[in-house]
Every structure is written in C-alpha cells, then in structure tokens.
Amino acid sequence: MVWWDWARWEQEIDWMALNGINLPLAFAGQEALWQEVYLSLGLNQTEVDMFFTGPAFLAWNRMGNLFRWGGPLPQSWHVKQLYLQVQDNRNTAFYKILHRMRSLGMIPVLPAFSGNVPEAITRIFPKANVTKLDPWSHFNCSYSCATVLDPRDPLFQRIGGLFLSQLVKQFGTDHIYNTDTFNEMTPASPDPSYLSTVSGAVFSSMTSVDPQAVWLMQGWMFVHDPVFWKPAQIQALLGGVPLGRMIVLDLFAESTPAFSLTHSFYGQPFIWCMLHNFGGNNGLFGTVESINQGPFEAQRYPNSTLVGMGLAPEGIEQNAVVYELMNEMAWRREPVNLQKWVSLYAGRRYGSGHENLAAAWKLLFRSIYNCTVPHYKNHNHSPLVHRPSLHMATELWYERKDLLEAWRLLYSAAPSLMAVETFRHDLVDITREALQLLVSDFYLEIRAAFQNHRLPELLTVGGVLVYDLLPELERLLSSEKHFLLGTWLARARSLGLDAKEAQQYELNARNQVTLWGPSGNILDYASKEWGGLVGDYYAQRWSLFVSTLVECLDCGRPFKQEAFNQAVFQVEQGFVYNQRRYPDKPLGNTYEIAKRIFLKYFPQAMNRVSPAA
C-alpha cells in the first residue's frame with residue numbers, strides 16, 4: 001500500500017462487500033476537482049489552500065472536521081492524485097484506479113457534496129446562508145469549526161451539482177456516492193424538519209446530475225453522539241432520502257450495532273461493518289465471538305434491511321487473523337466453530353502442523369481476541385503508548401496467563417520456523433504484546449514506590465524499564481520489516497518533488513502518529529509500536545517521567561502533572577521536528593533478540609499478578 005492511501009486510513013472505509021460485489025471507497029484526486037470548482041466560483045488560490053489540510057489529515061478534511069492543519073497542499077499533490085485516476089495515452093483516457101476496479105467487477109464509490117464550504121465563500125456570496133459549527137475534537141477554530149451552507153440556499157445545489165457533473169464527466173460513474181454531513185459534528189438544529197431538508201438537499205444535488213444516484217453514508221454519528229441523535233433526529237435524516245436510495249454503513253456493528261437501535265435504519269438498506277481498529281493501533285485485539293455471530297443476528301432481525309457485510313477499519317496491517325475471519329463470514333451461511341477454525345488458520349498461516357501453533361492460537365482466540373466488554377473501542381490503552389501520569393489505566397479484558405502461555409508456545413516453535421515471514425512477524429507481535437504487559441506491571445510498581453516514598457525501589461524499577469525493557473523492545477521491533485518507523489517516513493518523503501515538499505510530507509507523517517495536531521490535540525491516537533518510535537518517542541517520555549518522580553522524591557515536592565505535561569511536550573514536539581533518519585530495513589537477528597527477551601522476562605511476567613486499574 002502506497003503512502004497516500006495510508007494518509008487517508010482514519011475514518012475512511014477501505015471496502016465493503018454488497019451482495020458479493022466489492023464497493024471500494026478509494027477515490028484519489030477529489031481535492032483537485034474541488035479546487036477547480038472553488039476557483040471557478042471566484043475564490044483565490046490562498047482561500048482555497050486554507051480549506052485543505054495536509055495529506056495525512058485529508059480524511060477529516062473531507063468530512064468537515066479539520067482545515068488548514070498540515071497544509072497547504074502543493075499543486076504537485078493534486079496532479080499526482082489525479083494521475084492515479086487518469087492517464088492520457090494517444091488521446092484516450094485510461095483510468096488507473098477506477099479502470100482496474102471496474103475491470104475486476106468492483107463498484108467504485110465516488111465523492112459528493114455535503115455542504116461544507118471554505119470560509120471565504122461569503123466573500124464571493126455575501127448573502128449565502130451559512131452556519132459556523134462548533135470546534136471538532138480538541139481543536140479550536142483556527143483549524144476546525146466547519147462552515148456549512150444551508151441546504152435551502154440555492155447555492156447548495158449549484159456547488160453540489162457543479163462538482164458532481166465535473167466528476168462524472170471526467171471519471172464516469174457507477175451511481176453510488178459517499179458524503180457525510182455531520183460526522184462527529186453537531187448539526188445547527190435538532191429540528192427534524194431541518195435534518196430531513198439537509199439530507200434531501202444532499203441527495204437532490206446527486207440526482208440533479210445522476211438520476212440513478214444512491215447515497216452511501218456512515219452511520220457512525222448515531223453511535224458517536226446518542227445525546228443529539230435520538231430516534232426522531234435519526235429518522236428525519238434518513239427519511240429525507242427515498243427508501244432504497246441510501247445505504248447506511250453500520251460502522252461499529254461488532255461492538256455497538258446501530259441497526260437494532262433504529263429499527264433497521266427505519267427501512268434504509270444497511271451494511272453490517274466491522275470497524276475493529278481505531279487509529280491503526282498496534283496491539284492484539286479482537287471480538288471474534290461477535291464477528292462470528294453478529295452478521296447472522298442482523299440477518300434475523302425483524303424486517304431486516306441488511307444488504308451486505310463490510311470492513312471499516314481506521315488502520316490495517318495489524319491483527320490479520322481478525323480480518324481473515326471477518327472476510328470469511330461474507331461467504332458463510334452460519335457461524336463457524338471458532339476453535340476449529342483458528343486451528344486450521346494456524347496451519348494455513350505458517351505452512352506447518354506443529355501442535356504448539358494451533359494450541360497457541362486457541363489460547364489467543366479464547367482470551368485477547370475475544371473481547372466481550374460492551375462498546376469497547378480498540379484504542380491501545382497500554383501505558384506504554386500514552387503520555388505518562390499517575391492515573392493511567394492498566395485493566396485487561398482477558399486472562400494474561402493465556403497470552404503468556406501462547407507466547408511460550410510460539411517461542412518454542414521458533415527454531416524451525418524463523419524463515420517463515422508470517423511466523424517471524426507473529427513472534428515479534430506477541431513478544432511485543434507481552435512486553436507491553438510488563439510495562440504496565442513496572443508502571444504500577446513505579447507509581448506505588450513514588451506514592452510510598454520508596455526512592456531505592458523507584459530507582460530500581462524505573463531503571464529496568466527505561467534502560468533495559470524499552471531498549472529491548474526497540475531492538476526487537478527494529479529487526480522486523482513490518483514494525484519500522486523508517487518505512488512510514490521514507491514513503492512520505494518519497495512523494496515530494498523537492499526538499500520542501502518532502503519535509504512537509506514527513507512532518508505530516510510524524511505528527512499523525514504522535515501529537516496529532518499542533519499541541520497534542522488528539523495525543524497518542526495512532527499508538528504505533530514501531531522501531532524508532534519506541535526508542536526516540538515513547539522511551540524518552542518514560543525516561544523523563546521516571547527522572548521527574550525521582551527528583552520530586554529527592555527534593556520532597558509533589559509531582560505536578562501540568563508542569564510535567566509542559567516539559568514532556570518539548571520531548572514530543574522535538575521528535576516531530578528532529579529530522580532524524582530512521583532505518584527502513586530491519587537490523588539485527590530477530591530470533592536471538594526474541595530469545596534473549598523471552599529468557600529474561602517470561603519468568604517475571606508469569607510470576608507477576610495481573611495488573612489492576
């Protein structure tokens with residue numbers, strides 16, 4: 001997967017299966033078309049540039065959450081993105097992404113207009129009826145506060161129709177369009193008549209260009225903000241579109257299904273989606289029982305309007321087994337025997353019938369991969385990947401002994417399987433997860449030592465964490481090609497036409513996996529455990545935390561979180577701007593590193609009690 005796809009993974013739909021046909025939402029180049037539309041309406045280039053974010057944040061820009069941050073987009077970015085869609089050869093248009101999708105029988109989903117417009121639109125149209133929404137997440141109006149055009153304003157249809165007609169003329173259409181009107185944003189009014197007018201106007205802007213249009217919409221907002229989206233509001237928004245002309249993505253159905261709260265979306269067709277991963281976090285996690293049962297429960301729901309199943313992760317390239325299982329569900333008529341299924345999976349994944357492999361995966365499937373906590377979101381909650389404090393959560397949803405025994409079983413099979421790429425990846429992954437548990441253990445001991453004024457214990461435990469465990473984890477991750485920060489950054493830099501662009505793209509990539517905003521606005525959301533990131537980011541924060549606690553005890557003063565936050569922000573921001581190059585090729589012998597870690601830390605891990613919050 002090339003980097004510009006990675007820059008869009010959060011809150012984007014990778015693909016979904018509708019009646020056996022893939023519906024991918026993967027359209028490159030729409031910013032270039034929007035630029036043409038707004039320039040043609042009279043906005044200047046600076047005003048258009050301020051509307052877009054940088055490449056790593058375009059998903060949230062497209063949903064109206066974020067503007068300007070990480071930008072402006074270079075003109076070369078627009079050209080490259082369009083090139084992904086169209087290549088001219090002998091005056092014949094050859095569609096690269098779209099042509100390939102269609103040649104495989106896939107139905108591409110194209111973008112449409114939601115009503116979010118550049119703030120400068122009122123300079124050209126001073127009478128335009130616009131509303132300024134509240135800030136999104138932890139951003140202020142410097143980078144947020146969407147300007148939304150009232151759907152009853154004639155300008156709404158003009159802009160929506162202008163964009164879509166240009167899109168269809170240039171790329172053709174398969175009649176399915178995506179746009180999200182109020183994703184994680186509170187509408188200007190809860191009045192049902194207003195909400196139905198909004199959805200009706202959005203749909204009308206589609207059908208004015210394509211009479212066969214079908215609107216594909218995320219249903220995330222109904223789950224994200226149930227205080228606003230009560231039955232009357234949901235029914236009004238969905239009811240503004242004729243039945244059957246909207247498909248709703250039940251985006252988090254494996255944990256918080258919305259179809260059962262909305263009487264099957266009040267008659268609109270829906271797709272049962274597994275979201276699974278928030279932020280592209282590293283960390284073993286799954287809800288396999290829900291994945292195994294949920295789609296069939298949705299089928300049996302009274303008057304069900306289920307039309308398909310889909311995947312909607314915020315990040316991929318982790319927990320492959322969960323995606324294998326979910327993809328298989330689309331072809332099943334009933335749930336599978338999970339223990340039998342995962343035993344067969346182990347053999348397929350490694351090409352080996354070693355009994356320890358199936359035993360390890362059975363343990364994982366009954367524990368860490370079977371989270372049954374209601375509405376649990378798969379953000380990595382480990383203290384390892386969060387800014388340290390004295391109030392960090394360490395609770396688990398599974399029995400840690402099952403994970404540790406699975407670690408032992410995989411390690412015992414390692415000598416004959418290290419040449420197998422999938423096994424090597426999984427050995428690193430489960431060792432990483434086990435060390436993450438130990439970080440929680442050490443954190444609890446560090447906190448207790450500080451609170452009980454035991455300086456020698458604090459120095460001992462903090463020293464082991466900072467000077468041994470975290471460096472060992474850094475060496476382990478750096479030895480496996482799938483866990484390298486350098487790969488992420490090299491892909492980002494490679495898109496730049498010159499040094500200035502390369503630096504901008506790298507800053508986007510660094511910020512997205514760390515501070516996520518100018519001042520840590522969505523801090524540690526990505527929570528990647530990569531070689532380079534563990535050593536130069538997470539470990540540096542923990543080192544500062546431990547040394548600060550030691551200093552507080554030594555000087556007899558309390559630990560003040562706000563003062564620490566200000567100090568550690570300098571470390572975090574320093575990483576974003578340090579310009580250090582990180583290896584994009586693995587270093588070291590994975591087996592020897594994993595062996596050393598196992599022999600050193602497995603007995604400790606087994607002897608420690610399970611962490612408590």
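Rg (Å, one decimal) plus Dmax (Å, integer) for the alpha carbons of the stretch 116-205?
Gyration radius and largest Cα-Cα distance of the stretch 116-205: 14.1, 39 Å.
Which three lengths, in whole Å and largest first, does the stretch 203-340 cover when its Cα atoms are put on their principal axes?
Computed over the Cα atoms, the extents are 49, 33, 31 Å.
When only C-alpha pairs under 8 Å and at least 6 residues apart count, what is the relative contact order of the stretch 105-172, in percent? Walk me through the numbers on the way to the answer.
Numbers: 63 pairs, mean separation 23.4, N = 68.
Reported relative contact order: 34 percent.
Under the 0.36 nm per residue contour assumption, what length would be gained going from the current alpha-carbon distance of residue 566 and residue 377 to full extension? Walk me through the intermediate numbers first.
Details: separation 189, 0.36 × 189 = 68.04 nm, distance 2.83 nm.
Full extension from residue 566 to residue 377 adds 65.2 nm.
Name the residue farthest towards the positive end of the dipole of the chain from the options 39, 290, 440, assuming +1 on Cβ of Lys and Arg, -1 on Cβ of Asp and Glu, about the Cα centre.
39
Mind grabbing the accessible area of residue 132 for me, 1.4 Å probe, Å², rounded to tens?
Near enough 90 Å² of accessible area.
Measuring with a 1.4 Å probe in the full set of protein chains, what accessible area per residue, in whole Å², belongs to the chain? Please list the in-between numbers first.
Working: 24020 Å² over 613 residues.
Accessible area per residue, the chain: 39 Å².
Mean separation of Cα pairs under 8 Å and 6+ residues apart, divided by the residue count of the chain: what relative contact order is that in percent?
Values: 1045 pairs, mean separation 75.9, N = 613.
Relative contact order here is 12 percent.
Given axes a ≥ b ≥ c from the Cα gyration tensor, I'd like to know whether the stretch 489-540 is rounded (a/c under 1.5), prolate (a/b larger than b/c) or oblate.
Details: a/c = 2.61, a/b = 1.56, b/c = 1.67.
Oblate shape, in that a/c is at least 1.5 and b/c is the bigger or equal ratio.
Determine ³J(HN,Hα), in whole Hz, for all residues of the stretch 161-171 in sequence, where each value follows from phi through the Karplus function 6.51 cos²θ - 1.76 cosθ + 1.60 and θ = phi - 60°; x replaces Gly and Pro.
x, 4, 5, 5, 5, 5, 5, 5, 4, 7, 10
Using a simple spin-label model with points 7 Å from Cα along the Cα→Cβ vector, what separation in nm is obtained for residue 591 and residue 578?
With each label point 7 Å from Cα toward Cβ, the separation is 3.2 nm.
Under a Cβ-only charge scheme (Lys and Arg +1, Asp and Glu -1), can you give me the dipole magnitude of the chain about the Cα centre, in debye to the nearest 20? Please list the in-between numbers first.
Values: 50 positive and 56 negative charges, 122 e Å.
Using only the charged Cβ atoms, the result is roughly 580 debye.
Tell me, what is the 1.4 Å probe accessible area of residue 489, in Å² to the nearest 10?
10
To the nearest Å, what is the center-to-center distance of the stretch 30-52 and the stretch 516-531, using C-alpha atoms only?
First find each Cα centre; the distance between them is then 29 Å.
Of the accessible area of the chain, with the probe set at 1.4 angstrom, what percent is carbon plus sulfur? Each step should come with its number before you reach the end.
Working: 12980 of 24020 Å².
Roughly 54 percent, rounded to a whole number.
With a cap of 13 neighbouring Cβ atoms within 10 Å, and only residues DSSP puts in a loop, list the chymotrypsin sites (Phe, Trp or Tyr not before Pro) found in the stretch 309-376. Could you put the intermediate results ahead of the total?
On the way: sites: 323, 331, 341, 345, 350, 361, 365, 369, 376; in loops: 331, 369, 376.
Of the chymotrypsin sites (Phe, Trp or Tyr not before Pro), the ones in loops of the stretch 309-376 whose Cβ has at most 13 other Cβ atoms within 10 Å are 331.
Using the 4.7 Å Cβ rule, please list in number order the cysteines from the chain without any candidate partner.
Cysteines lacking a close Cβ partner in the chain: 273, 371, 552, 555.
Whole-Å semi-axes of the stretch 296-359's equivalent ellipsoid, largest first, each the root of 5 times a Cα gyration tensor eigenvalue? Can you show the working numbers first?
Working: eigenvalues 157, 49, 12 Å².
Those come to 28, 16, 8 Å.
For the chain, find the longest principal axis of its Cα atoms and tell me its angle to the long axis of helix 288-300, 0 to 90°, nearest 10.
30
Extension gain residue 175-residue 502, at 0.36 nm per residue separation less the Cα-Cα distance, in nm?
Extending this stretch completely gives an extra 114.0 nm.
Going by accessible area, probe 1.4 Å, with all protein chains left in place, what is the ranking of 230, 127, largest first? Let's see the in-between values first.
Working: 230 100, 127 190 Å².
Of 230, 127, the descending order of accessible area is 127, 230.
Relative contact order for the stretch 222-327 using alpha-carbon pairs under 8 Å, separation at least 6, rounded to a whole percent? Write down the numbers at each step before the final one.
Values: 157 pairs, mean separation 28.6, N = 106.
It rounds to 27 percent for the stretch 222-327.
State the Cα centre-to-centre distance between the stretch 329-367 and the stretch 414-467 in whole Å.
28
For a test of the definition: using alpha carbon positions, the gyration tensor, and the 1.5 limit on a/c, classify the stretch 268-404 as rounded, prolate or oblate. Write out the running numbers ahead of the final one.
Values: a/c = 1.99, a/b = 1.18, b/c = 1.68.
Oblate.
Positive end of the charge dipole of the stretch 275-382 (Lys, Arg +1 and Asp, Glu -1 on Cβ, about the Cα centre): tell me which of 359, 311, 326 has its Cα farthest that way.
359
Helix-only mean residue ellipticity at 222 nm, the chain, DSSP H runs n ≥ 4 weighted -39,500 (n - 2.57), per residue, nearest 500. What is it? Each step should come with its number before you reach the end.
Values: 25 runs with 286 residues, N = 613.
Computed mean residue ellipticity for the chain: -14500 deg cm²/dmol.
What length, rounded to one decimal in nm, is gained on full extension from residue 419 through to residue 554, with 0.36 nm per residue of separation minus their alpha-carbon distance?
Stretched fully, the residue 419-residue 554 segment lengthens by 43.6 nm.
Roughly how many whole Å is it from the C-alpha centroid of the stretch 183-250 to that of the stretch 136-158?
After rounding, the separation between the Cα centres reads 16 Å.
The values are calculated or read from the model by the stated rules, or taken from the named source; none is laboratory data. Treat the numbers as computed from the prediction; the structure is a model and nothing was measured. We place every Cβ from the backbone using ideal geometry, glycine too, and count neighbours over all the protein chains shown. Accessible surface areas use protein heavy atoms only, side chains included; no ligands, DNA or RNA. Shrake-Rupley method; radii C 1.70, N 1.55, O 1.52, S 1.80 Å.
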